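Written below as structure tokens is the structure these notes are about.
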Amino acid sequence: MDVVIVGAGPTGLALGIDLARRGVEALVVEREEGLFPGSRGKGIQPRTLEVFEDLGVLDAIRAAGGPYPARLIWKDGERVGEQPMFERIPADEGTPYTEPLMVAQWRTQEVLYARLVELGGRVAFGREVTGLEQDADGVSVRFADGTDLRAGYVVAADGGRSVIRRALGVAMAGEPVDPASCLVADVRLTGLDRDHWHIFPGAGDTGLALCPLAGTDDFQLQGRLPEGTGTEPTLDAVRELVAMYTHLDADDVTELRWISDFRPRTGLADRFRVGRVFLAGDAAHVHSPAGGQGLNTSVQDAYNLGWKLGAVLRHGAPRALLDTYEEERRANAADMLGLSTAVHRGEVRRGKATVQLGVGYRESSLSVDARTAPAPLRAGDRAPDGRVDGTRLFDAYRGPHWTLLGASLPGVRSLVSAPESYGPGVFLVRPDGYVGWAGDTTEGLREYADRTGALAAA
């Protein structure tokens, strides 16, 4: 086995898809008997929509969800105001997706799981990992039933309470974001339209929100309760809260489908890699749910790690390439944690700051810009969409290969030029859609391609 992925959430499933299409033998193991049943991470940011387009699930994800409605503020049973959820960002040729999509997390996972199976990947449910041991040649993963499994690498995508992270002895530093008790639940109810995200402010900073979950018949309930209080995870308790904070009657809540309580906090693992074991998703970073950054950052962990594992395992790239996963993703996760916290505290508005289109790796050792006068698009930046001789760039980039713009190199997929929006130069675009190398000519390009596995992966 090349890779064992621990955890069948969005991170583990996205990584499984990426490895499967690269011909890497990977197994996703999940301690539960099925996929996660709740709506928790429901916001799919535009950058993640680009990732999903590349992974072949964009149409299915769109069919599973829908746009975010405007917020409708209520007071004493009366409508007192309406406001958009996000500041509007106009789309253009380089950024075709600018608005977040609402998809309940359980539906996102169903789509990813179906794609994984379609590609020949597997998830072993009911397989609880209890520990691991690694040596120079691989990792032995231990399971609760007394069995073990040997793999070349292990990826811990097993959540904020990661068993793997603790087994490795990796600390996670963080802080509380909000002292209040918070609640999220999926409910069925009557008495509210499905055209708005209904907001019911309470005393102080408490309150309740009921958001129609696109693509389902459910509402997601979100509650911020007084400090030191909580609620039981029962239908009667949820009915009591709804009756307390809204003009609805308790009996208007007809069903409780899933519920979770929490206190918002941040957490960042001290390391994202220990030998042959990598941390990804919530196992590596824990966010406040405000702003919809956690799931999206997690999927992009998988997207970053997938092509690097594939390059080393299938194309003979130097193992040092794997060191860049922690280099790139830990810095990115730290930035996203700060952003999530700022959104939670009302310091940053949802919109341009939260769509993740500006996330990049300019400071990475993999980002080489050899031009004498670099244009605004630099090595390490997201490679925008566009057209070259009638070819859409995102179509050209789709798949597990590198793409060269503005020159040709034997063994690398090439287009004769870059669009005007890229500025002058030659651009080598990584498999995850970022500019890896840029130059005035191809001088130095082959050396870069050799050390990153770009030639063999074409």
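Worth a mention:
- Positive-end residue of 136, 207, 342, charge dipole of the chain with Cβ unit charges: 136
- Volume per residue for the chain equals 142 cubic angstrom (convex hull of Cα atoms).
- Rounded Å value of the spacing that divides the Cα centres of region 1-39 and region 108-162: 7
- Estimated D of region 128-211 in µm² per second, where Rh is the Kirkwood radius over Cα pairs and Stokes-Einstein applies at 4 °C, 1.567 mPa s: 74
- Ordering of 219-230, 267-278, 68-79 by burial proxy (mean other Cβ atoms within 10 Å per residue, highest first): 267-278, 219-230, 68-79
- Given charges at beta-carbon only (K, R positive; D, E negative), |dipole| of the chain in Debye: 900
- Which of 378, 40 is most accessible, then next, and so on - probe 1.4 Å: 40, 378
- Gyration tensor analysis over the Cα atoms of region 411-458 returns equivalent ellipsoid semi-axes of 18, 12, 10 Å (largest first, whole Å).
- Overall, region 162-244 carries a charge dipole of about 300 debye about its Cα centre when +1 sits on the Cβ of Lys and Arg and -1 on the Cβ of Asp and Glu, all other atoms neutral.
- Candidates per GluC sites (Glu not before Pro) in region 1-74, loop by DSSP, up to 12 other Cβ within 10 Å: 33
- The charge dipole of region 1-157, taken about its Cα centre with unit charges on the Cβ atoms of Lys, Arg (+1), Asp and Glu (-1) only, comes to about 400 debye.
- Nearest 10 degrees, 0 to 90: helix 105-118 Cα axis against the chain principal axis: 40
- Here the peptides 297-306, 98-107 are ranked by packing, the mean other Cβ count within 10 Å, and the order with the highest first is 297-306, 98-107.
- Here r is the Cβ-Cβ distance between residue 240 and residue 443 and R0 is 60 Å; the resulting FRET efficiency, rounded to 0.05, is 0.25.
- Note on residue 113: accessible area is roughly 70 Å² with a 1.4 Å probe, heavy atoms of protein only.
- Probe 1.4 Å, accessible area per residue of the chain, Å²: 41
- Between the residues 3, 29, 405, the greatest Cα displacement towards the positive end of the dipole of the chain, with unit charges on the Cβ of Lys, Arg, Asp and Glu, is found for 405.
- Projected onto their three principal axes, the Cα atoms of region 368-447 cover extents of 30, 26, 21 Å, largest first.
- In this simple spin-label model, placing a label point 7 Å from the Cα along the Cα-to-Cβ direction at both residue 32 and residue 378 gives a separation of 4.1 nm.
- Against the chain, whose longest principal axis comes from its Cα atoms, helix 10-21 is set at around 30 degrees.
- Apolar share of the accessible surface for the chain: 47 percent from carbon plus sulfur atoms, 1.4 Å probe.
The values are calculated or read from the model by the stated rules, or taken from the named source; none is laboratory data. Note that this is a predicted model, so its numbers are computed, not measured. No Cβ is skipped: glycine too gets one built from the backbone with ideal geometry, and neighbour counts run over all protein chains shown. Protein only, heavy atoms only, side chains kept; ligands, DNA and RNA dropped before computing areas. Shrake-Rupley method; radii C 1.70, N 1.55, O 1.52, S 1.80 Å.
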